[in-house]
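Take a look at the structure set out below.
The values are calculated or read from the model by the stated rules, or taken from the named source; none is laboratory data. For clarity, every value in this text was computed on a predicted model and none was experimentally measured. Cβ placement follows ideal geometry from the backbone for every residue including glycine, while neighbour counts extend to all protein chains displayed. These accessible areas exclude ligands, DNA and RNA; they are computed on the full protein's heavy atoms, side chains included. Shrake-Rupley method; radii C 1.70, N 1.55, O 1.52, S 1.80 Å.
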Amino acid sequence: MELCDTNKCTGCRACMNACPKEAISMGHDKLLKTIPVIDNTKCVNCGMCKKACPALNESKYSKADVCLAAWTCDKEDQKTCSSGGVATALSKLVFQNGGKVFGCDFDKDFNLTIRPAESLDDIERFKKSKYVQSSTGDSYKKVKEYLEHDLEVLYIATPCQIDGLLHFLKKDYEKLYTIDIICHGVPPIEYLKQYIAFLKKTYKINKIDDLSFRGDNEYYLSMISDNKKVYYEKSFFDLYYDLFLKGIIFRDNCYSCRYAKIDRVSDLTIGDYWGLDKSTLHKPYLGRVSEILVNTAKGKALLDKAGDYLYTEQASLKVAIDHNEQLSHPSDFPGDRNVFVEAFKGDFIKASYKTAIGKRIKKVIMKKRLKRLLKGFKSSK
């Protein structure tokens, strides 16, 4: 049995979840992105994996015709969410009404997995942007189980992961709500894990408990240990972060993403409302604002229930598209992408240092090391 070309594979795991013989696991290609691996000793050639693969089957798109400016009504969430807190507000709505909410968070080993929230504390952990690819794990199977028990389900993920879920389910469920996050592209999780190990070694950090890409100050990478920041760097001076923002370390399929357009596969699409002129808002607001694209009647119905959780008002769809390139085309293929790929031999740091960004940041790191050495030398006198 053969699946789709690995350059087209999004790593959604629909095939793995669909296999009745558990003959599919996830491995890595030479760039360490996750791809399905078939155990031919278990495979019975039933074809269920192919039928569930979004890259091998047509997808159903809905054209967004309504754009909303939005933010959570919860004052605390306004402070702690990366953007306007739409995902958190809708998650609380569904969860507090007895439904199941799927989001992603890091475990202690910095694996990032989509899973159902067991408590409001879990929804807190689902907050904030995570600039790396998550794993859907066995979440598709769990979604189906909840739906067949007549429970409401809210599933929040990237567009390709949403499409993987829909292809796995093979039919529409009235109580399933899907929200996709406007996605620029996703790096393989192994890159981030190697980078964390590099930071720990470079800066002599014993352990890292948590990390954040967005906080009080936008676009700073924070590493947390025992509730204290042990690493805090602006994106321009952080190796992983700047490579991500410049689009150099995404999966191959991200550069030809078929979801990067105004036609969407989910009920709602959310993201930062870049380009918004806040003076045009009917309700004055100084905090972070999200944009919501309303793609389906189900999406609208979910928002209609959220009046106590979410403030929304009509906004410009054109502004949303103009300031979010991934609503009209995939991320560009930067020149240093080829440099990174050609240099990559399993070591993220070594390959990164071959890029222009890597060379610049390597000098910054060397200067910091020298300063620490000089400081240590002076203090020892």
Just to make sure I understand: if all protein chains stay in place, what is the order of Trp71, Trp274 by accessible area at 1.4 Å, largest first? Trp274, Trp71
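List the DSSP H helices in the chain whose Cα atoms stretch 27 Å or more along the helix axis and whose mean Kyte-Doolittle hydropathy is at least -1.0.
Span-like helices in the chain: 356-380.
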Let me check something: with ligands and nucleic acids excluded, how do Cys67, Cys257, Cys46 order by accessible area (1.4 Å probe), largest to smallest? Cys46, Cys257, Cys67
In square nanometres and to one decimal, what's the mean projected area of the convex hull around the Cα atoms of the stretch 256-305? 4.8 nm²
Any idea what the dipole of the chain comes to, in debye rounded to 20, about its Cα centre with Lys/Arg Cβ at +1 and Asp/Glu Cβ at -1? 2240 debye
Can you tell me the relative contact order of the chain? Whole percent, Cα pairs under 8 Å, sequence separation 6 or more. 21 percent
Return the distance in nm (one decimal) between the two label points of a simple spin-label model at Asp138 and Asp332, each offset 7 Å from Cα along Cα→Cβ. 4.5 nm
Quickly rank 140-148, 337-345, 288-296, 351-359 as a protection proxy: mean count of other C-beta atoms within 10 Å, highest first. 288-296, 351-359, 140-148, 337-345
Kindly provide the helix-only [θ] at 222 nm of the chain, computed as the sum of -39,500 (n - 2.57) over DSSP H runs of four or more divided by all residues, to the nearest 500 deg cm²/dmol? -9500 deg cm²/dmol
Among Thr202, Gly164, Gly137, the residue whose Cα sits farthest towards the positive end of the charge dipole of the stretch 117-226 (+1 at Cβ of Lys and Arg, -1 at Cβ of Asp and Glu, taken about the Cα centre) is Thr202
Please list, ordered by chain and number, the residues whose modelled amide H lies under 5 Å from the amide H of Leu310; skip anything fewer than 5 residues away on the same chain. Cys73
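Using a 1.4 Å probe on the protein chains only, how many percent of the accessible area of the stretch 114-171 belongs to carbon and sulfur? Write out the running numbers ahead of the final one.
Numbers: 1090 of 2320 Å².
Solvent-exposed carbon and sulfur of the stretch 114-171 make up 47 percent of the total.
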At what distance in nm do the modelled label points of Arg125 and Leu370 sit from each other, each positioned 7 Å from its Cα along Cα→Cβ? 4.3 nm
Probe radius 1.4 Å, ligands and nucleic acids left out: which of His329, His282, His184 has the largest accessible area, and how do the rest follow? His282, His184, His329
Counting pairwise Cα distances across the stretch 1-86, what percent come out greater than 19 angstrom? 56 percent
The stretch 75-139 - charge dipole about Cα centre, Lys and Arg +1 at Cβ, Asp and Glu -1, debye rounded to 20: 260 debye
Calculate one ³J(HN,Hα) per residue across the stretch 309-318 by plugging θ = phi - 60° into the Karplus curve 6.51 cos²θ - 1.76 cosθ + 1.60, and present them in order as whole Hz with x for glycine and proline. 9, 9, 9, 9, 8, 4, 9, 7, 5, 4
In the chain, with Lys and Arg counted as +1 and Asp and Glu as -1 at Cβ, which of these residues, Gly299, Cys81, Val341, has the Cα nearest the positive end of the dipole, that is, farthest along it? Val341
Can you tell me which of Lys278, Lys50, Lys246 moves the most in a GNM of the chain? Springs connect C-alpha atoms under 10 Å apart. Lys278
Provide the per-residue ³J(HN,Hα) series for the stretch 231-248, in order, calculated from phi with Karplus coefficients 6.51, -1.76, 1.60 and θ = phi - 60°, each as a whole number of Hz, with x at glycine and proline positions. 8, 8, 9, 5, 3, 4, 9, 10, 4, 4, 4, 6, 5, 5, 4, 8, x, 8
Beyond 18 Å between alpha-carbons counts as too far, so tell me which of Lys207/Lys368; Lys128/Lys318; Lys234/Lys363; Lys108/Lys234; Lys142/Lys175; Lys128/Lys246 fall in that bin. Lys207/Lys368; Lys128/Lys318; Lys108/Lys234; Lys128/Lys246
5 Å is the cut-off here: which amide hydrogens, built 1.01 Å from N in the peptide plane, fall below it relative to Met26, excluding neighbours closer than 5 in sequence? Val37
Karplus (6.51, -1.76, 1.60) ³J(HN,Hα), θ = phi - 60°, over the stretch 51-61, in Hz, Gly and Pro reported as x: 5, 8, 7, x, 6, 10, 9, 5, 10, 9, 10
Carbon + sulfur, % of accessible area of the stretch 225-381 - ligands and nucleic acids excluded, 1.4 Å: 58 percent
Cα centroids of the stretch 2-61 and the stretch 221-255: how far apart, whole angstrom? 29 Å
Dividing the alpha-carbon radius of gyration of the stretch 274-338 by 2.2 N^0.38 Å (N being the number of residues), what value is obtained? 1.44
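For the chain, what is the percent of antiparallel DSSP beta bridges, rounded to the nearest 5?
75 percent
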Accessible area per residue, 1.4 Å probe, Å², for the stretch 199-304: what's the number? 47 Å²
